[in-house]
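The values are calculated or read from the model by the stated rules, or taken from the named source; none is laboratory data. Just so we're clear, the structure is a prediction, and the values are computed from it rather than from any experiment. All Cβ positions, even for glycine, are placed from backbone atoms using ideal geometry, and neighbour counts span all protein chains on display.
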Amino acid sequence: MHEAGYAALGLTGWRYQLLPVPPELFSETVRALPAAGFLGANVTIPHKEAALALADEATPRARAIGAANTLTFGPCGRIEAENTDAPGLIDALPRDPAGTRVLVLGAGGSARAAVWALRDVGAADVMVWNRTRARAEALCAELGGRVVDTAEPADLLVNTTSVGLQSGQDPFKELPLDADAVRGYPCLVDLVYGARPTALACAARAAGAEVVDGLEVLVRQGARSFERWTGHAAPLDVLRAAARGDAAA
């Protein structure tokens, strides 16, 4: 996706590289990247909170959320943390969520970004469900929202858990709703993405809901990282085509 954007804008010499890193080597690896020629890095599960912790400086948004997905390397290897998950989620929504009821599934780094972003743009009621209630309580105590033990009705359902990440996984065994209950949500955002739609996304579409899949959110947050690093407006159509082409390959 990023390399397609570089090519479209004629940014020769730019590369985007996958670096699988175990948690115990995360800090050491990231601190070595500037000297290796990297200008920045995107960070995903399970490193988002660790990314903020190791940064030398962070944007107010990343600090407020308590997690970062975008690192930018400055002079002398200084590391700045940003969170593009939050605005990327809002960018991907089909309509303004101000005044709506939202149910967020999960309480990890992506959930923190979602809750902060939705409250920041004026969602009227942001509910948080997590398998471990204590973690949801901690999130809401910091960022607002309210903890729920069941899947209450809402205008928007946001799945930030990793349920559905593995092919063939049945999400309804680990979430507080079944396929029929999905009918109660007019719009679903499923942050999980892959070569095929998740079972949750398929159930929502079958129920007539609008579905924003994880690839669209990936494109939107990636576009903000792209612009931060390159200083150029991201060619959204190019990024989207590349992301969806890779997923279909």
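Residue count for the range 128-157 under the criterion of being out of contact with any Phe, Trp or Tyr (no Cβ under 6 Å at 6 or more places or on another chain) and in a helix (DSSP H, G or I): the result is 10. Asp237 fulfils the conditions (1) buried (at least 20 other Cβ atoms within 10 Å of the Cβ); (2) in a helix (DSSP H, G or I) except for a single criterion, (1).
Listed conditions (1) surrounded by fewer than 16 Cβ atoms within 10 Å (Cβ to Cβ); (2) under 20 Å from the mean Cα position of the chain (by Cα); (3) of a type in the set (D, E, K, R) are all met by Lys48, apart from (1). What residue, among those in the range 187-209 that are surrounded by fewer than 18 Cβ atoms within 10 Å (Cβ to Cβ) and in a loop (DSSP other than H, G, I, E, B), is modelled with the lowest pLDDT? Filtering the range 187-209 for residues that are surrounded by fewer than 18 Cβ atoms within 10 Å (Cβ to Cβ) and in a loop (DSSP other than H, G, I, E, B), the one modelled with the lowest pLDDT comes out as Ala195.
If you scan the range 72-113, which residues turn out to be more than 21 Å from Gly145 (Cα to Cα) and hydroxyl-bearing (Ser, Thr, Tyr)? Within the range 72-113, Thr72 is the sole residue that qualifies. Within the range 1-31, the set of residues being part of a helix (DSSP H, G or I) and out of contact with any Gly (no Cβ under 9 Å at 6 or more places or on another chain) comprises Glu3, Ala7, Ala8, Pro23, Glu24, Leu25, Phe26, Ser27, Glu28, Thr29, Val30.
Working only within the range 65-110, note down all residues that are on the phi < 0 side of the Ramachandran plot, surrounded by fewer than 18 Cβ atoms within 10 Å (Cβ to Cβ) and small (Gly, Ala, Ser). Correct list: Gly74, Ala98. In summary, Ala55 fulfils each of the numbered conditions (1) over 26 Å from Tyr193 (Cα atoms); (2) free of Cβ contacts under 8 Å to residues at least 24 places away in the same chain; (3) not hydroxyl-bearing (Ser, Thr, Tyr) with the single exception of condition (2). Out of Gly208, Gly145, one residue alone is on the phi > 0 side of the Ramachandran plot and in contact with a helix residue (DSSP H, G or I) (Cβ under 6 Å, 6 or more places away or on another chain). It is Gly145.
Taking the range 210-233 as the region of interest, how many residues are under 24 Å from Gly10 (Cα atoms) and part of a loop (DSSP other than H, G, I, E, B)? Qualifying residue count for the region: 3.
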